[in-house]
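Enquirer: Got a structure for you, questions after.
The values are calculated or read from the model by the stated rules, or taken from the named source; none is laboratory data. The structure displayed is predicted, hence computed values, not measured ones. When we count neighbours, we look across all protein chains shown, and the Cβ atoms used for this are built from the backbone with ideal geometry, even at glycine.
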Amino acid sequence: MNEKEEELLNEFFEGKIKEDELNENCKKIIDIYKNIIKTYFSCENSVINNVKSKLNFR
Amino acid sequence: MTEEKFVEDLKKNDPDAFKKLYEEYAPKIYGVLKNYVNHDEIEDALQEVFIRIIKGINGFKGRSKLSTWIYRIAVNVGKNYSRKYQRSKETSVDFEDETDQNHNIQAISDTNVKNEVLEELDYQMILNIMEKLDDEERLLIKLRDIDGLSYNEISDIMEIPLGTVKSKLHYARKKLRQLIEEAKFI
């Protein structure tokens, strides 16, 4: 990633430009970035359901 | 329904209101806890957060948004777990120093089940990358880029100044981007 792309990504994160204004490489980085954080922070339904049952939230 | 009315229902112990609260916040809280809590204790930690919410809701005065109050409880519970692991780690180190038998000593953080049950390489790579960020960096990314909270709310939840939220988030994102590049995902 070059300096210009880094600048574009910073502007994107700051909400100054939209995703479709990014070049292909930046779009790819954003896509991977989103997938990684979504996957990492996704939760296990079994844990959510177990606690729901224990707390009688059904 | 307004937040005020919803809080009123929670204070009246309305089971539907608690069910709604759980369905909305449990997955978000899970993500917060993941920053601090070992995989095999996440269920207990999640339960503890909701017990604190149930017990504390009558004391909620509405000085902050309900979500801020809930996230703050989750962060506090998470940090308690993290401190517990740190204490165990320190005890292990003391033990190691005294006995000079380090072959069977393993810090709790190293026994994290997360790393034992995951089979898919891609997911393992994601874990490796994310765990190179520190707790605070991951939490900032989670609260802003996943949950979409405002900088002000993040500042309230994490109890750090607004400017610090912005600058640390900037560096956390940059660090993650660099880790993605280094991992040759692109």
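Enquirer: Restricting the search to the range B:13-43, which residues are assigned to a helix (DSSP H, G or I) and either exposed (fewer than 15 other Cβ atoms within 10 Å of the Cβ) or touching a strand residue (DSSP E or B) at 6+ places or on another chain (Cβ under 6 Å) (or both)?
Expert: Looking only at the range B:13-43, we keep the residues that are assigned to a helix (DSSP H, G or I), and these are B:15-34, B:39-43.
Result: B:15, B:16, B:23, B:24, B:40.
Enquirer: Condition (residue is crowded, with 16+ Cβ neighbours inside 10 Å, part of a helix (DSSP H, G or I), modelled with pLDDT of 70 or more and over 15 Å from the mean Cα position of the chain (by Cα)) applied to the range B:106-121: is it met by at least one residue?
Expert: No, every residue in the range B:106-121 fails to be crowded, with 16+ Cβ neighbours inside 10 Å, part of a helix (DSSP H, G or I), modelled with pLDDT of 70 or more and over 15 Å from the mean Cα position of the chain (by Cα).
Enquirer: Is one or more of the residues making up the range A:29-38 farther than 28 Å from residue B:132 by Cβ, facing another protein chain (nearest Cβ under 7 Å) and surrounded by 13 or more Cβ atoms within 10 Å (Cβ to Cβ)?
Expert: Taking every residue of the range A:29-38 in turn, none turns out to be farther than 28 Å from residue B:132 by Cβ, facing another protein chain (nearest Cβ under 7 Å) and surrounded by 13 or more Cβ atoms within 10 Å (Cβ to Cβ).
Enquirer: Then there's this: Give the residue, chosen from B:55, B:61, B:5, that is in a helix (DSSP H, G or I), within 30 Å of residue B:83 (Cβ to Cβ) and not assigned by the TED database to the domain that holds residue B:141. Explain how you work it out, then say what you get.
Expert: Values: B:61 fails: in a helix (DSSP H, G or I); B:5 fails: within 30 Å of residue B:83 (Cβ to Cβ).
Step by step, each of B:55, B:61, B:5 is checked, and only B:55 is in a helix (DSSP H, G or I), within 30 Å of residue B:83 (Cβ to Cβ) and not assigned by the TED database to the domain that holds residue B:141.
Enquirer: Please state which one of B:148, B:163 is without any contact (Cβ under 8 Å) to a residue 24 or more places away in the chain and outside any helix (DSSP H, G or I).
Expert: Step by step, each of B:148, B:163 is checked, and only B:148 is without any contact (Cβ under 8 Å) to a residue 24 or more places away in the chain and outside any helix (DSSP H, G or I).
Enquirer: What pairs come up if the first residue lies in the range B:121-138 and is more than 9 Å from every other protein chain (Cβ to nearest Cβ), the second is in a helix (DSSP H, G or I) and surrounded by 15 or more Cβ atoms within 10 Å (Cβ to Cβ), and their beta carbons are under 6 Å apart, counting only those six or more places apart or on different chains?
Expert: From residues that are more than 9 Å from every other protein chain (Cβ to nearest Cβ), the pairs are B:132/B:179; B:137/B:172.
Enquirer: Also: Only residues that are touching a Ser or Thr at 6+ places or on another chain (Cβ under 9 Å), of a type outside the set (Asp, Glu) and within 11 Å of another protein chain (Cβ to nearest Cβ): list them for the range B:139-165, please.
Expert: Listed by number, the list holds a single entry, B:144.
Enquirer: Something else: Suppose we filter the range B:56-92 for residues that are of a type in the set (D, E, K, R), within 21 Å of residue B:36 (Cβ to Cβ) and either surrounded by 18 or more Cβ atoms within 10 Å (Cβ to Cβ) or out of contact with any helix residue (DSSP H, G or I) (no Cβ under 7 Å at 6 or more places or on another chain) (or both); how many remain?
Expert: Of all residues in the range B:56-92, those of a type in the set (D, E, K, R) come to B:61, B:63, B:65, B:72, B:79, B:83-84, B:87, B:89-90.
Of the ones still in play, those that are also within 21 Å of residue B:36 (Cβ to Cβ) are B:72, B:79, B:83-84, B:87, B:89-90.
Checking which are either surrounded by 18 or more Cβ atoms within 10 Å (Cβ to Cβ) or out of contact with any helix residue (DSSP H, G or I) (no Cβ under 7 Å at 6 or more places or on another chain) (or both) leaves us with B:79, B:83-84, B:87, B:90.
Result for the range B:56-92: 5.
Enquirer: Ok, one more. Name, by its number, the condition in (1) within 20 Å of the chain's Cα centre (by Cα); (2) under 18 Å from residue B:178 (Cα atoms) that does not hold for residue A:3.
Expert: Failing condition for residue A:3: (1).
Enquirer: Conditions first: (1) modelled with pLDDT of 90 or more; (2) at the interface with chain B (Cβ under 7 Å from one of its Cβ atoms). Residue A:57 passes all but one, so which condition is the exception?
Expert: Failing condition for residue A:57: (1).
Enquirer: Any chance you could count how many residues in the range B:17-53 are under 12 Å from the mean Cα position of the chain (by Cα), under 21 Å from residue B:133 (Cβ atoms) and not β-branched (Val, Ile, Thr)?
Expert: 11
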